[in-house]
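Remarks on the structure that follows.
The values are calculated or read from the model by the stated rules, or taken from the named source; none is laboratory data. What you see is a predicted model, and the numbers here were worked out from it, not measured in a lab. All Cβ positions, glycine included, derive from the backbone under ideal geometry; neighbour counts span all protein chains shown.
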Protein chains: 4
Amino acid sequence: MSEKPVCLILGAGAGIGGHVGKKFANEGYHTVLVRRSDEGGLNRLIADIEAAGGTASGRLLNAIEDNAIEDLIADVENNEGPIEVVLFNLGAQFGDRTLEDTSYKIFELGWRMTSFALFRVAKTLAPIMQARGGGKILVTSATSAMRGNAGQHAHAAAIGGRRMLCQSLNAELSIKGIHICHIYIDAPIEAPDTLGRLLGDELYQKLLDEKANGKDGMVIPEKVAETYYHIAHQHRSAWTSEVDIRPFSEQPWWNN
Amino acid sequence: MSEKPVCLILGAGAGIGGHVGKKFANEGYHTVLVRRSDEGGLNRLIADIEAAGGTASGRLLNAIEDNAIEDLIADVENNEGPIEVVLFNLGAQFGDRTLEDTSYKIFELGWRMTSFALFRVAKTLAPIMQARGGGKILVTSATSAMRGNAGQHAHAAAIGGRRMLCQSLNAELSIKGIHICHIYIDAPIEAPDTLGRLLGDELYQKLLDEKANGKDGMVIPEKVAETYYHIAHQHRSAWTSEVDIRPFSEQPWWNN
Amino acid sequence: MSEKPVCLILGAGAGIGGHVGKKFANEGYHTVLVRRSDEGGLNRLIADIEAAGGTASGRLLNAIEDNAIEDLIADVENNEGPIEVVLFNLGAQFGDRTLEDTSYKIFELGWRMTSFALFRVAKTLAPIMQARGGGKILVTSATSAMRGNAGQHAHAAAIGGRRMLCQSLNAELSIKGIHICHIYIDAPIEAPDTLGRLLGDELYQKLLDEKANGKDGMVIPEKVAETYYHIAHQHRSAWTSEVDIRPFSEQPWWNN
Amino acid sequence: MSEKPVCLILGAGAGIGGHVGKKFANEGYHTVLVRRSDEGGLNRLIADIEAAGGTASGRLLNAIEDNAIEDLIADVENNEGPIEVVLFNLGAQFGDRTLEDTSYKIFELGWRMTSFALFRVAKTLAPIMQARGGGKILVTSATSAMRGNAGQHAHAAAIGGRRMLCQSLNAELSIKGIHICHIYIDAPIEAPDTLGRLLGDELYQKLLDEKANGKDGMVIPEKVAETYYHIAHQHRSAWTSEVDIRPFSEQPWWNN
């Protein structure tokens, strides 16, 4: 058992998940990093955190499997320590797909990975947090939670529903000391594991050349992690329930 | 085969579904009424429509079953006529339930009945409509599509996602002549089959006494059917994608 | 005094204002058409209405002048008949202007023509309508009421404020029988007096060639007038407070 | 001239304005505090800041007067130093007033103090900031910017318009390095100068007894100042344009 407060990251890749993990570890949390695959990447994250003087552990886990989330939470609570902060960082961006190219399977998968998985986290963890007097549930989201768009049938339905779930959870749990914040990223992220994989190496590198590398035109995970940390430490007289994030050079979704 | 254009109603109870069916039948549509149960109620609706000089047929069907929606659409297209208008009138209001009282099963059921079922309708019907140059998809929705609320975990996640799905469908299909409109009812409805069943006879009667019976303080299905019909017949240079509905005596959800 | 109910149109040019006037006149209203200038255009509108068997009168009036609105309402109420419907159709679209090119004068003018002018209408007319048991206030608005955009500093501030005013008015007046509806047009309109003047003849003609003339890619005022009329005649158990309008071929403001 | 960066606070009372001033002063800014009246209160704020080792200066000024804002900015830029951050903290909450009790004068005053005053700040300061490569404009706002409510005719129209102005400014200025953030407080604030004056001593004390004093049920200005500071220091790859703030124990405006 760690004596530190625990920060659990669901979806701890090389983008926002990993960097939020590092930030919390630097600030004194024991961080539990969970991702579906890539044990090498997971171990590198843990090594980075430990090299910086922090503590972390990791799990490989497919969140949509029955009992995966429930068992994980029990395991962490029993063996690592009380979860004070959970970052729900699972997304379901399948890229733009026409209605024809969006199968029932993908539509369901999107829902299982985002809306239903968050519901499972909340069902399992909220009563535990509540019994302790509080906790933090941070949810990384995206523009499709705010409005549907062409090609986003599965994604928008999944994360748009999740946004409403966040509000429902907040309406019940805020008074019980549980701070829920929906943080939506309204721009491409420097995230090789997700955007990189979606675009492929060549397109991703082109995007980096055009917008990153000192231009700060893509969201830099290390930088946005500061805002995640800030939100998780707002005084309870002044909580924020929704935050939008984009680089200075990107127009918001409501512009064009 | 009917020579009339077909209006298909999914969720044709004694409330909005049935009354929209009557309205379209009165205006010259052949109406196909679909509901999960209550063959007697279904037959009464058909008899009413025929007594008024219209034509209608009916089906009992559980929409969440595999192939139920897909087979229905094929059946109607093959045996009754081309579907010009579909009213998606399935909801998933389970009443207010705390997080503790909202089971995984209910959460999934909500999604299957609203978001996924609409997706299945669109996947199946949109290509057919598109090949004919257009069609109308009207979706009855509720306040929980606009914001989550205490006790609405399953409902808000389900229909909030469905609202984003409507916007995604619209972004792809509008240009192809398919008009999608999200009509959300922001007040109790005079609907014995849904609100009546949810509240129970006594509470529902009390609500009627307080707000209905000449006071017009609940949404009257026969009246709101006029707006459904109007939306379905807007000229394509002036389409509406979202409409809110409430009685004059109700404050909107954004007030209190 | 007319024996018909009166429909007062503020901003009765050759676009939406004039066509809503024609529609209401055709349906049995005495229509009072008010615009700032162009007596010839005003007289042609009246002649059109009378040729179709309706009745109408007109006024030239600069709404932002002190007492102009107040005196107009008194005049119409005293000399033409009780105002049952008012269409507030004044806008303040100055075209896209950078912050540098947006003067204090324009910023104030935008507010006076839209937000403050509607407030003056409501202050003057709502007590009269209320004493009669009700009335209708329809407000034509635009996309900038929903979100600010580059170049829209004056316009968005003016009509964004007006939208919130509509909601405040609704919160107080709906229960008193006054139906307020904010109808926002999210696309270019076939309106020679407004869009035509803003763009100039050449650009406007180019737009018409590209999008109008059978393509239905601009909002056709005659067609959208049907929706204005429908809203004004919704049963009080099923009122709508906001409607968006765009052609089938235009993406909504929330897409891009 | 200060060698520190300057933080200019418009509306520096004993609530959010004063506490944001203290926070920025503590963090190394020279803070210029501006308010309409109460020289004693202003001097106490400055003394507090200086006692904590910071530097501050003050001005008494009626922002709605011609040239007041323009001259102030020139004065600060010329005599105190380059303004890096401006907090626009002027509001126009007149309490709930029926339409009848909302005069034209109040309606206009609301607009002058919020929407027009911010426009004047942006017209004057944005070109200066832009020439320096950037700056920060933080705007304190309230729930009425999100939706109109009964009694909020003047307030909602004023600050709803201001919110759209923030978005228009952002659409033009963000790319030029100017970060605009609309921070809306969705709950009562422990602010004797504003809420205290609005409610009167007795009611305000009652509210404090019920919600403050360790209960954290009102927004504590000192605490929310942390979020203002955080927003002003977000990396430009990860800016936030809107933030909501309320205590854990308050339901958001979209709930009831």
**Item:** Top-ranked residue in region B:229-244 [being surrounded by fewer than 20 Cβ atoms within 10 Å (Cβ to Cβ) and more than 7 Å from every other protein chain (Cβ to nearest Cβ); ranked as farthest from C:I16 (Cα to Cα)]
**Value:** B:Y229
**Message:** Let me confirm something: among D:E3, D:E50, D:E27, which residue is at pLDDT below 95, among the charged types (D, E, K, R) and farther than 18 Å from D:T194 by Cα?
**Reply:** D:E3
**Request:** Using the structure shown, decide if A:A212 is within 19 Å of B:S168 (Cα to Cα) and either surrounded by fewer than 24 Cβ atoms within 10 Å (Cβ to Cβ) or at the interface with chain B (Cβ under 10 Å from one of its Cβ atoms) (or both).
**Result:** no
**Prompt:** Checking D:K105 against (1) crowded, with 19+ Cβ neighbours inside 10 Å; (2) more than 19 Å from the chain's Cα centre (by Cα), which single condition isn't satisfied?
**Reply:** (1)
**Asked** When the residues of region D:11-48 are filtered to those that are of a type in the set (A, V, I, L, M, F, W, C) and surrounded by fewer than 24 Cβ atoms within 10 Å (Cβ to Cβ), which remaining residue is nearest to D:D71 (Cα to Cα)?
**Response** D:L42
**Message:** With more than 14 Å from chain B (Cβ to nearest Cβ) and more than 25 Å from A:Q152 (Cβ to Cβ) as the only criterion, which of A:R36, A:R59 stands out?
**Reply:** A:R59
**Prompt:** Is there any pair linking a residue in region B:46-70 that is on the phi > 0 side of the Ramachandran plot and of a type in the set (S, T, Y) to one that is surrounded by 11 or more Cβ atoms within 10 Å (Cβ to Cβ) and assigned to a helix (DSSP H, G or I), with Cβ under 9 Å and at least six apart or on different chains, and which?
**Reply:** none
**Request:** Select the helices (runs of 4 or more DSSP H) contained entirely in region A:26-122, then report the ones holding at least 3 residues which are of a type outside the set (G, A, S) and closer than 21 Å to B:S103 by Cα.
**Result:** A:68-79, A:104-111
**Request:** Of the numbered conditions (1) under 23 Å from B:D101 (Cα atoms); (2) within 8 Å of another protein chain (Cβ to nearest Cβ), A:K176 fails exactly one; give the number of that condition.
**Result:** (2)
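One line per residue, one yes/no per condition, for (1) at pLDDT 95 or above; (2) farther than 25 Å from A:R147 by Cβ:
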position: A:G214; (1), (2): no, yes
position: A:G217; (1), (2): yes, no
position: A:T227; (1), (2): yes, no
position: A:A232; (1), (2): yes, yes
position: A:A238; (1), (2): yes, yes
position: A:F248; (1), (2): yes, no
**Prompt:** What are the residues in region B:126-147 that are in contact with a Leu (Cβ under 6 Å, 6 or more places away or on another chain) and either within 15 Å of A:A154 (Cα to Cα) or outside any helix (DSSP H, G or I) (or both), if any?
**Reply:** B:L138
**Complete:** Picked from region C:114-133 (must be touching a helix residue (DSSP H, G or I) at 6+ places or on another chain (Cβ under 7 Å) and more than 10 Å from chain D (Cβ to nearest Cβ)), the residue surrounded by the fewest Cβ atoms within 10 Å (Cβ to Cβ) is C:I128
**Complete:** Those residues of region A:140-155 which are among the aliphatic types (A, V, I, L, M) and at the interface with chain B (Cβ under 7 Å from one of its Cβ atoms) amount to A:A150
**Request:** Could you please let me know if C:T194 is touching a residue at least 12 places away in the same chain (Cβ under 8 Å), surrounded by 21 or more Cβ atoms within 10 Å (Cβ to Cβ), of a type in the set (S, T, N, Q) and in a helix (DSSP H, G or I)?
**Result:** no
**Message:** When the residues of region D:207-256 are narrowed to those that are of a type in the set (V, I, T) and assigned to a loop (DSSP other than H, G, I, E, B), which ends up nearest to A:W239 (Cα to Cα)?
**Reply:** D:I220
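Conditions (1) more than 9 Å from every other protein chain (Cβ to nearest Cβ); (2) not aliphatic (A, V, I, L, M), marked per residue:
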residue	(1), (2)
C:L138	yes, no
C:A157	no, no
C:Q167	no, yes
C:I189	yes, no
**Asked** Scanning region C:176-201 for residues that are farther than 17 Å from C:T140 by Cβ and modelled with pLDDT under 95, which turns out nearest to the chain's Cα centre (by Cα)?
**Response** C:L199
**Message:** Can you say whether B:G200 is among the small types (G, A, S), more than 10 Å from chain A (Cβ to nearest Cβ), more than 30 Å from B:Q130 (Cα to Cα) and in contact (Cβ under 8 Å) with a residue 24 or more places away in the chain, as far as the supplied structure shows?
**Reply:** no
**Message:** So, in region A:148-172, how many residues would count as being charged (D, E, K, R) and either closer than 22 Å to A:I16 by Cα or in a strand (DSSP E or B) (or both)?
**Reply:** 2
**Item:** Evaluation of B:R163 against (1) surrounded by fewer than 24 Cβ atoms within 10 Å (Cβ to Cβ); (2) within 28 Å of A:L173 (Cβ to Cβ); (3) among the charged types (D, E, K, R); (4) facing another protein chain (nearest Cβ under 7 Å) (one fails), failing number
**Value:** (1)
